[in-house]
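Notes to accompany the following structure.
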Amino acid sequence: MQLTRYTDYSLRVLVFLCSRQDDSATAGEIADFYDISRNHIAKCVSMLAEAEIITTARGRGGGLRLAVAPEDICIGDLVRATENLTLVECFDPENNTCPLASDCSLEVLFHRATSAFLAVLDETTLAQLLPASSALVPIRKTP
């Protein structure tokens, strides 16, 4: 399974906010730190705020903060919120046009694989993914 950049960037936003502990951050700071488009970060921030995982405040003293403790953020839930887990056409009964759908074992196999993948992620919280040091150090690409 391959996760999208949207999921990757959403996780990066959360890790960055964890490194700030009680201080807020801006989407611009996060984008600059990771050298990622501000528009991409803004989309992730919007989804995370809508899911009430982070809080946002405009103006002086505003910024982004975690709304949920890192140990209460399940990585499996985040992946479900950010990914389309319809791996094959037969996962979507409304749009399934496969002539083999009624007698195909691939759907069962892929459902089992997806369930196993998510089960591992469900055992993991954001707190378990944080670096040992609370200070994040950016890895810069060499020119």
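Out of segment 1-16, which residues are hydroxyl-bearing (Ser, Thr, Tyr) and in contact (Cβ under 8 Å) with a residue 40 or more places away in the chain? Give the derivation first.
At the first step, the residues of segment 1-16 found to be hydroxyl-bearing (Ser, Thr, Tyr) are 4, 6-7, 9-10.
Once the filter is applied, which keeps residues that are hydroxyl-bearing (Ser, Thr, Tyr) and in contact (Cβ under 8 Å) with a residue 40 or more places away in the chain, segment 1-16 yields 4, 6, 7, 10.
Name every residue in segment 36-63 that is aliphatic (A, V, I, L, M) and more than 16 Å from the chain's Cα centre (by Cα), in order of residue number. Give the derivation first.
Filtering segment 36-63 down to residues aliphatic (A, V, I, L, M) leaves 36, 41-42, 45, 47-49, 51, 53-54, 57.
The answer is 57, and nothing else.
Can you pull out every residue in segment 30-48 that is open to solvent by 70 Å² or more (accessible area, probe 1.4 Å) and touching a residue at least 12 places away in the same chain (Cβ under 8 Å)? Scanning segment 30-48 gives 35, 40, 43.
Against the numbered list (1) touching a helix residue (DSSP H, G or I) at 6+ places or on another chain (Cβ under 6 Å); (2) in a strand (DSSP E or B); (3) not basic (Lys, Arg), residue 7 comes up short only at (2). Kindly establish whether residue 71 is in contact with a strand residue (DSSP E or B) (Cβ under 7 Å, 6 or more places away or on another chain), in a helix (DSSP H, G or I) and either modelled with pLDDT of 95 or more or of a type outside the set (Val, Ile, Thr) (or both). Criteria met by residue 71.
Of all the residues in segment 82-91, those that are open to solvent by 60 Å² or more (accessible area, probe 1.4 Å) and assigned to a helix (DSSP H, G or I) number 1.
Of all residues in segment 2-26, those satisfying the criterion of being among the polar types (S, T, N, Q) and at pLDDT 90 or above are 4, 7, 10, 26. Scanning segment 50-59 for residues that are open to solvent by 30 Å² or more (accessible area, probe 1.4 Å), modelled with pLDDT under 80 and not basic (Lys, Arg) turns up nothing.
Please go through segment 12-59 and give me each residue that is of a type in the set (Lys, Arg), assigned to a loop (DSSP other than H, G, I, E, B) and more than 25 Å from residue 124 (Cα to Cα), ordered by number.
Keep residues of segment 12-59 that are of a type in the set (Lys, Arg), which gives 12, 20, 38, 43, 58.
Within this subset, residues satisfying the condition of being assigned to a loop (DSSP other than H, G, I, E, B) are 20, 58.
The one that is of a type in the set (Lys, Arg), assigned to a loop (DSSP other than H, G, I, E, B) and more than 25 Å from residue 124 (Cα to Cα): 58.
The values are calculated or read from the model by the stated rules, or taken from the named source; none is laboratory data. Computed from a predicted model, the values in this text were never measured in an experiment. Every residue, glycine among them, receives a Cβ derived from its backbone with ideal geometry; neighbour counts consider all protein chains shown. Accessible surface areas use protein heavy atoms only, side chains included; no ligands, DNA or RNA. Shrake-Rupley method; radii C 1.70, N 1.55, O 1.52, S 1.80 Å.
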